[in-house]
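Working notes, structure below.
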Amino acid sequence: MADKVALVTGCSTGVGLYTAVRLAEAGYTVVATMRDPAKQQGLFDEAAKAGVSIEVAPLDVCSQASIDAAVEGVMARHGRIDLLVNNAGAGFLGSVEQTGDDDLRRTMETNFFGVWNMTKAVLPHMRTAGSGRIISVTSVGGLLGQPFNEAYCAAKFAVEGMMEGLAPLARQFGVDICLVEPGPINTEFVASVRATSQASIAAMSEPYGTLAQRYIGASGDVFATYGQTGDDIAKIIAALASTEKPDFRTITSDFAMATVASKVVDRTGNSVVEIFAKRLQG
Ligand SMILES: NC(=O)c1ccc[n+]([C@@H]2O[C@H](COP(=O)([O-])OP(=O)(O)OC[C@H]3O[C@@H](n4cnc5c(N)ncnc54)[C@H](OP(=O)(O)O)[C@@H]3O)[C@@H](O)[C@H]2O)c1
């Protein structure tokens, strides 16, 4: 039988780059996709270190034409998609008052509509085959709202709701739906967030400016102390891909688990508000 085929989104850096390599090591034929294939060198360098080869294809998850072309291309070249990893994502820093309509829509387009449209494009092929797995990288921010991340968390919450609804249905035709929920990961993510949020950061006059500085400072400590690497998350995704009966939800670290636990055990919801209020108090 031909190798299983995996399609991964957002492979230019971070989690997606390492996921493509770890899946290729596990024996998958990997189609690693990225908005700009000119960024493929880092991926090829890691693939060479691991002694695997990876196919790169262009894919912007915010463009339906791009999604259709990528999925049709994989089906034409390989005839199957066994695994979709919805990894592409982008944060945005700004509270409700600093988030412009364009920022909100871009954040929702990338993190939610992108996942929805990718899943919708791939699912019919898996349903027809009677098997497949869709792993989506959400975040602790898909379970807990966090200040200055309202748009990002709203998008990740939306993915959680979508996938929780789809999971029991997809199981009826042999397709597993899985969520991977990391806490902090030390990738390009934070630098990208800052680059795309310059206008909102500049708009943070008082009372937000001081609160944002405190929050960013406390969050920086959390990344330094508890941050995982992109490769840590990639190994978790590769293990999930090959597990016979995968869990619906994988929270990727003890730190992330401890943070999320407060939501599950405290039915008032007050503990979650307290966690992040402390980061604003300095
Ligand atoms: N880093 C964290 O602390 C953290 C924590 C929890 C969850 N996550 C989630 O983990 C996933 C991977 O993030 P990361 O940490 O690896 O960050 P990253 O290094 O910034 O990687 C994000 C990837 O998504 C791609 N991307 C952004 N917009 C895209 C679009 N419209 N179409 C296709 N690709 C697009 C980026 O490509 P370009 O190079 O073209 O921008 C990049 O390859 C994301 O879903 C993120 O939300 C991250």
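Any read-out appearing in this document is the output of simple, stated calculations on the displayed coordinates, not a laboratory observation. Only a predicted model underlies this, so the values are computations on that prediction, with no experimental measurement involved. Cβ sites come from the backbone with ideal geometry, for glycine too, and all protein chains shown count toward neighbours.
A few points about this structure:
- The relative contact order of region 173-242 comes to 59 percent, based on Cα pairs under 8 Å that sit 6 or more residues apart.
- Of the residues 9, 196, the one with the fewest other Cβ atoms within 10 Å heads the list, and the complete ranking is 196, 9.
- Computed [θ] at 222 nm, deg cm²/dmol, the chain (DSSP H ≥ 4; -39,500 (n - 2.57); rounded to nearest 500): -17000 deg cm²/dmol
- Averaging 1/r over every pair of different alpha carbons in region 127-277 and inverting the result gives a Kirkwood radius of 17.0 Å.
- Entry for region 211-282 at q = 0.11, 0.15 Å⁻¹: log10 I(q)/I(0) = -0.39, -0.68, Debye formula applied to identical alpha-carbon scatterers, no solvent contribution.
- Each Cα pair under 8 Å and six or more residues apart adds its sequence gap; the mean of these over the residue count of the chain is a relative contact order of 19 percent.
- When each of 49/156; 39/235; 39/245 is checked by Cα-Cα distance, pairs over 30 Å: 49/156; 39/245
- Dividing the mean sequence gap of close Cα pairs (under 8 Å, 6+ apart) by how many residues region 137-282 holds gives a relative contact order of 32 percent.
- Relative to one another, the C-alpha centroids of region 100-144 and region 1-74 are positioned 17 Å apart.
- Charge dipole (region 138-282, unit charges on Cβ, about Cα centre) - positive-most of 207, 240, 281: 207
- In plain terms, the chain from residue 38 to residue 64 could stretch by 7.3 nm, reckoned as 0.36 nm per residue minus the Cα-Cα distance.
- The lysines whose alpha-carbon is closer than 17 Å to the alpha-carbon of residue 278, local same-chain residues fewer than 8 away aside, are 263.
- Put the Cα centre of region 154-226 next to the Cα centre of region 242-282 and the gap is 13 Å.
- Whole-Hz couplings from phi, Karplus 6.51/-1.76/1.60, listed for region 162-179; x for Gly and Pro: 4, 6, 5, x, 6, 3, x, 6, 4, 4, 5, 10, x, 10, 8, 10, 10, 10
- Pair residue 191, residue 214: separation of 7 Å Cα→Cβ label points (nm): 3.0
- Cut-off under 5 Å, modelled amide H: who pairs with residue 55 long-range: 30, 32
- Couplings for region 216-221, taken from phi via the Karplus curve 6.51 cos²θ - 1.76 cosθ + 1.60 with θ = phi - 60°, read 5, x, 5, 5, x, 4 Hz in order; Gly and Pro are left as x.
- Estimated from the Cβ-Cβ distance and a Förster radius of 41 angstrom, the FRET efficiency linking residue 281 and residue 26 is about 0.35.
- Residue 228 long-range amide H proximity, modeled H, under 5 Å: 185, 186
- Ellipsoid semi-axes in whole angstrom, largest first, where each is sqrt(5λ) of the Cα gyration tensor of region 222-262: 21, 15, 4
- Two-site FRET efficiency, residue 53 against residue 243, from Cβ-Cβ distance with R₀ of 30 Å, rounded to 0.05: 0.75
- For residue 133, the residues whose modelled amide H falls within less than 5 Å of its own, excluding neighbours fewer than 5 places apart on the same chain, are 83, 84, 176.
- The residues packed around residue 61, meaning those with a beta-carbon under 9 Å from its beta-carbon, carry a net charge of -1 if Lys and Arg are +1 and Asp and Glu are -1.
- Reduced Cα scattering model of region 16-94, Debye log10 I(q)/I(0), q = 0.12, 0.14, 0.26 Å⁻¹: -0.35, -0.47, -1.38
- Placing pseudo-labels 7 Å out from each Cα toward the beta carbon at residue 273 and residue 229 gives an inter-label distance of 4.0 nm.
- Hz values of 3J(HN,Hα) by residue in region 105-116 - Karplus curve (6.51, -1.76, 1.60), Gly and Pro given as x: 5, 5, 5, 5, 4, 6, 8, 10, 4, x, 5, 4
- With eigenvalues of the C-alpha gyration tensor scaled by 5 and rooted, the chain, Å: 32, 20, 18
- Charge context of residue 91, other residues only, Cβ under 14 angstrom, K/R +1, D/E -1: -1
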